[in-house]
Amino acid sequence: MTDPILKTHALTRYFGALKASDAVSVDLRPGEIHAIIGPNGAGKTTLIAQICGGITPSSGRVEFMGRDITGLTTRARSREGLGRTFQISALAMEDSVLQNAVLGALGASGRPWRFFGPALKDSVLRDQAEDALRRVGLHDHLHKRTAELSHGQRRQLEVAVALTLHPKAFVMDEPMAGLGSGGSKQLTSFLDGLRAEAPILLVEHDMDAVFALADRISVLVYGKVIATGTVDEIRANAEVQKAYLGEDT
Amino acid sequence: MIRETHLNIGLVALLMAIPVWALIADEPFIITLMTRAVVFALAAVGLNIALGLGGLVSLGHAVFFGIGGYAMGILAHHAQTYTPLAEWPLLIEGTKSMPVIWLAAIIASTLAAVVIGILSLRTAGVYFIMITLAFGQMFFFFAISWSAYGGEDGLSIYVRNGFPGLNTLVPVHYFGLCLVILLAALFLNARLAKSPFGLALNAARQTPARVETVGLDPTRLKLVAFVISGAITGLAGALFADLNRFVSPTMFSWQLSGEIMIFVIIGGVGRLFGPVVGALVFVALEHLLGGLSDYWHIYLGILLLLIVLFGRGGLIGILCGRERVHD
Ligand SMILES: Nc1ncnc2c1ncn2[C@@H]1O[C@H](COP(=O)(O)OP(=O)(O)OP(=O)(O)O)[C@@H](O)[C@H]1O
Ligand SMILES: [Mg+2]
């Protein structure tokens, strides 16, 4: 078995008395999509924020490419190669679609201290940005103000910004939310191909997408991983059915 | 709706035409008023970089304006009294040369902006406003108590400082000098806004979490913006003191910080020529209404209220609509 790229060791996080993460140990192996599913409030976003930065675990560690990154800042983790997308779009709403993507390319270049030449005329940044936008199908909207995009298009732009970073692992928080069935089918097939570039830790509510994509699934309930396994194993797991999937599966 | 570029060209034309007219009509006072507007505009261009691009609501920009003013006052004072500024560890003499004074004003306000910026940017929102205001008050009271340089009375200089090749005592010469500096600052501001730094700063204002996620430091971006901003306002302070041939602690006052912010808000926060419109309107009101009533600020207040309530983009927003996204 190949070594995992990303691994959490017993991540635990309290919010007051609430245990939002309870000794969560998950890992992500090269080439795979590892889906994290769980009901609302299960602690999925809290887990992602501990992996990518933003929330400090009460205890436990995050290991990325063999290195302990628990103490690193969000930006350092990004530079190490973690590409995160947000559940609630964190985009520059007043800026154009292209500008948001160029921001990603600029971050990846690590050279923001240039004060004179126009960013959008920098061919390296621009090519990277346009390339990412083309891949998610937003290339026709380059100069649209982000605030004018539909909810689904914002989700696509989130993914595009992560693409510009050329990360070593993607960590995506519900990229399909609000996409509609057409959009989510399209994104499903896109993510299917993307795993060859970098593995994806995928938090997702859309079960069709999860069952179509995931190499492995972990089920999070009340902050705790109650099961990890292949799609078939999870489907067959009685505890999961009781806690989460309900009768309709 | 007017295209913003057309409006900007019109404004530059106006800035040139009024003094030319005043020259022909022999109205030197109008030229002085226009110089005042241009220098205020420059101060506000500085603030607009912090406020408009960086979203930093600094109510302490008079600190930099005052530092620039005192850089002029102190250097010229030593030159006209033939006393050195310092003898140890190295001899520093006063000067009456504008370029040297400007350099000193820029360096001093840059240093102040680094320190104030580092401390203030640890906070955000209302606390940021308060801490910048507090720095303003500190400098104000320090200047009052600094008796070596006039304390409360400030410093006067006998003749305006010199610039190679110009007679700065002629109002239109000095006006031209200030206008060139303003236009240069606007040009740099325009380039900055579209540069990689400007793009990142814009995003840091709107969504700092995103900026961090792409591996950049939003606080550092804002700090650099604050420093550039302070340096420009500092240069404006030196020009303002030279215009009046006088500097006093009022240049550090919170009223002045408020006025610089008012210029930006009237014209349009984040709009390139917002500071120019704001400063022109302010100086015009001050001149036209100030003659009628001591309480002309009431009218300014009403204007400000209307703009904040009904035209979030300032006068430029009312005339030109929302800013276009760059392509
Ligand atoms: N900053 C916070 N302070 C206090 N409680 C929090 C905080 N963030 C999250 N929580 C709580 O922790 C629990 C887990 O929240 P989290 O957002 O991780 O859930 P989630 O699985 O992502 O849910 P959803 O499917 O709705 O996105 C919830 O009960 C939430 O209210
Ligand atoms: Mg969530």
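Bear in mind these aren't lab numbers, they're just calculated from the coordinates by the rules spelled out. Bear in mind that the values here come from a model prediction, so they are computed numbers and not experimental data. Don't worry about glycine lacking a Cβ; one is built from the backbone with ideal geometry, like all the others, and counts go over all protein chains shown.
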(request) Name the shape class, rounded, prolate or oblate, that the alpha-carbon gyration tensor gives for segment A:93-166, where a ≥ b ≥ c are the square roots of its eigenvalues, rounded holds for a/c under 1.5, and otherwise prolate holds if a/b is larger than b/c and oblate otherwise. (result) prolate
(request) With a/c under 1.5 counting as rounded, go ahead and sort chain B into rounded, prolate or oblate using the C-alpha gyration tensor (a ≥ b ≥ c being the square roots of the eigenvalues; past the cut-off, prolate if a/b is larger than b/c, else oblate). (result) oblate
(request) Output the relative contact order of segment B:2-320, whole-number percent, from Cα pairs under 8 angstrom with separation of 6+ residues. (result) 33 percent
(message) Within 10 Å of each Cβ in A:146-159, how many Cβ atoms from other chains are there, averaged over the peptide?
(response) 0
(request) Among the lysines, select those whose C-alpha is under 18 Å from the C-alpha of A:Lys224, and discard any that sit fewer than 8 residues away in the same chain. (result) A:Lys7, A:Lys19, A:Lys44, A:Lys242
(request) Take peptide A:103-110, look around each residue's Cβ out to 10 angstrom, count Cβ atoms belonging to other protein chains, and average those counts. (result) 6
(request) Provide the packing ranking of B:62-68, B:104-110, i.e. peptides ordered by the mean count of other C-beta atoms within 10 Å per residue, highest first. (result) B:62-68, B:104-110
(message) Given an 8 Å cut-off on Cα distances and at least 6 residues of separation, report the relative contact order of chain A as a percent.
(response) 27 percent
(request) Output the peptides B:227-233, B:267-273 sorted from most to least packed, where packing is the average of other Cβ atoms within 10 Å over each peptide's residues. (result) B:227-233, B:267-273
(request) Report the normalised scattering of segment B:175-325 as log10 I(q)/I(0) at q = 0.14, 0.16, 0.21 Å⁻¹, calculated by the Debye formula with identical scatterers on the alpha carbons. (result) -0.84, -1.07, -1.48
(message) Using helices alone, I'd like the mean residue ellipticity at 222 nm for the protein assembly as shown: each DSSP H run of four-plus residues gives -39500 (n - 2.57), total over residue count, nearest 500.
(response) -17500 deg cm²/dmol
(message) Students often get this wrong: which residues of segment A:189-215 have the backbone nitrogen under 12 Å from the point 7 angstrom along Cα-to-C-beta of A:Arg29?
(response) A:215
(message) Run the simple label-point estimate for A:Lys19 and B:Val114 please: 7 Å along Cα→C-beta, distance reported in nm.
(response) 5.0 nm
(request) Would you mind ranking A:Met65, A:Met176 so that the residue whose beta carbon has the fewest other beta carbons within 10 Å leads the list? (result) A:Met65, A:Met176
(request) Please figure out what share of the DSSP beta bridges in chain A is antiparallel and state it in percent, rounded to the nearest 5. (result) 55 percent
(message) Test of understanding: what is the full-extension gain from A:Phe190 to A:Ala76, defined as 0.36 nm times their sequence separation minus their Cα-Cα distance?
(response) 38.3 nm
(message) Within segment B:273-288, name every residue whose backbone N is under 18 Å away from a label modeled 7 Å from Cα of B:Gln255 along the Cβ vector.
(response) B:282-288
(request) Report the calculated FRET efficiency for B:Met1 and B:Ala209 (r = Cβ-Cβ distance, R0 = 60 Å), to the nearest 0.05. (result) 0.95
(request) Extending each Cα 7 Å along its Cβ direction at A:His143 and A:Thr56, get the distance between those two points in nm, one decimal. (result) 4.7 nm
(message) Quick check on the exposure proxy: order B:Glu212, B:Glu259 from fewest to most C-beta atoms within 10 angstrom.
(response) B:Glu259, B:Glu212
(request) Starting from segment A:143-249, pick out the GluC sites (Glu not before Pro) whose DSSP state is loop and whose Cβ has at most 12 other Cβ atoms within 10 Å. (result) A:Glu247
(request) Which order do the peptides A:41-48, A:115-122, A:89-96 take when ranked by the mean count of other beta-carbon atoms within 10 Å per residue, highest first? (result) A:41-48, A:89-96, A:115-122
(message) For A:Ser189, B:Ser257, which order do you get if you count the other beta carbons within 10 Å of each Cβ and list the fewest first?
(response) A:Ser189, B:Ser257
(request) Provide a whole-number value for the mean count of partner chain Cβ atoms within 10 Å of the Cβ atoms in peptide A:83-93. (result) 4
